[in-house]
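Chemist: Have a look at this one before I ask anything.
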Amino acid sequence: MDIALFLSAVTTIFVMADPFGNIPLFLGLTGGLSGTERRYVITKASVVATVILFVFAVIGQPAMSLLGISLDALSIAGGILLLLIALDMLMSTGLHAKRTDGGRGPDIVEEEPDAVAITPMATPLIVGPGVMTATIVFMNRAGSLTDQLLVLVAILIAMLGSWIIVVNSDLLYSVLRRDGTRVLTKVMGILLAAIATGMVLGGLQHAFPALVH
C-alpha cells in the first residue's frame, strides 16, 4: 500500500480542481439561482467531474498501452502541463482552461439552470486537461490493485473536499472576499508547481538514468 502515492494524488487533484479560485466564478455562473438551485447545480457539476476522472483512471492505462505512450513520457508531459497551469495560477495571466467569460454566466443560468453544470463547471473548471493527465499518471504509478483502488479513493476524497468548499461558496466568499481567494489560489499555485517539478524530474530520472549520477 503506497500511502505516499495516495497523499500525492489527493493533494494534486484537489489543488488542480482549485475550489477556492472557482468561488467567484461559480457565484457568477449561478448568479440567477436561489441558494437551493445553486447547490444543486454545483453538486451535479461535482458528480460529473468525479465520473470523468473515474473514466480516465480506468481507461487511461489501456489507452496508453494501445498508443505506445510510456509512463516516463506521460510524467514529463503531465508535469510540464501542470507547471504551466501552476504558473498561470501564480501570474494570473488567464492562460489555462479554468478561465471563462463569467459576465454571460448569469444570463445562461437564468435560461437553463443545468446548462453550466457540465460545461464549463464540471469541465474544464473542476476537471481540466491537467487533472485528467495527472489521474492517468497516478494510476500508472500504482504498482498493485490496492494502490489503484487508493488512487480512486483519492479522487473521491479530493472531489468531495472541492465540493464542500464550492457548495458553500456564498459563505466562504463573504469571509474571504476577492483578495482572500486570490491569496489561496497563489498558495495552491506554489504547491502545484512543486508537485509538477517533481513529476518532470521523476520522469527524466527514469528515462535518463545517467542524470541521477
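The values are calculated or read from the model by the stated rules, or taken from the named source; none is laboratory data. Remember, predicted model here, so these are calculated numbers, not experimental data. Neighbour counts are summed over all protein chains in view; Cβ atoms, including those assigned to glycine, are modelled from backbone coordinates with ideal geometry.
Chemist: Could you please let me know if Val116 is closer than 19 Å to Trp163 by Cα, at pLDDT 80 or above, crowded, with 19+ Cβ neighbours inside 10 Å and touching a Gly at 6+ places or on another chain (Cβ under 8 Å)?
Modeler: Working: closer than 19 Å to Trp163 by Cα: yes; at pLDDT 80 or above: yes; crowded, with 19+ Cβ neighbours inside 10 Å: yes; touching a Gly at 6+ places or on another chain (Cβ under 8 Å): yes.
Taking the combined requirement at face value, the residue satisfies it.
Chemist: Let me ask you something else. Could you please give the count of residues in the stretch 193-213 that are at pLDDT below 75 and assigned to a helix (DSSP H, G or I)?
Modeler: Taking the stretch 193-213 and keeping what is at pLDDT below 75, we get 210-213.
Next cut, assigned to a helix (DSSP H, G or I) only: 210-212.
Of the residues in that region, 3 qualify.
Chemist: Collect the residues in the stretch 130-150 that are free of Cβ contacts under 8 Å to residues at least 60 places away in the same chain and either under 15 Å from the mean Cα position of the chain (by Cα) or within 15 Å of Ala63 (Cα to Cα) (or both), keeping them in residue-number order.
Modeler: Thr133
Chemist: Which one of these does Asp170 not meet: (1) modelled with pLDDT of 90 or more; (2) surrounded by fewer than 18 Cβ atoms within 10 Å (Cβ to Cβ); (3) within 16 Å of Arg38 (Cα to Cα)?
Modeler: So the condition that Asp170 fails would be (1).
Chemist: Given the conditions (1) under 25 Å from Leu204 (Cα atoms); (2) in a helix (DSSP H, G or I), and given that Ile69 satisfies all but one, which numbered condition is not satisfied?
Modeler: For Ile69, the exception is condition (2).
Chemist: Let me ask you something else. Out of the residues in the stretch 181-192 meeting the condition of being farther than 9 Å from Phe20 by Cα and surrounded by fewer than 20 Cβ atoms within 10 Å (Cβ to Cβ), tell me which one is modelled with the highest pLDDT.
Modeler: Looking at the filtered set, the residue picked out is Ile190.
Chemist: Oh, and also: Going by what's in this entry, would Val15 be described as more than 29 Å from Asp179 (Cα to Cα), in a helix (DSSP H, G or I) and modelled with pLDDT of 90 or more?
Modeler: Numbers: more than 29 Å from Asp179 (Cα to Cα): no; in a helix (DSSP H, G or I): yes; modelled with pLDDT of 90 or more: yes.
Here the answer is no, as Val15 does not meet what is asked.
So that you can scan it fast, the table gives a plain yes or no per residue for (1) among the charged types (D, E, K, R); (2) within 19 Å of Ile155 (Cβ to Cβ); (3) surrounded by fewer than 16 Cβ atoms within 10 Å (Cβ to Cβ); (4) at pLDDT below 80:
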residue	(1), (2), (3), (4)
Ala57	no, yes, no, no
Ile85	no, yes, no, yes
His96	no, no, no, yes
Gly102	no, no, yes, yes
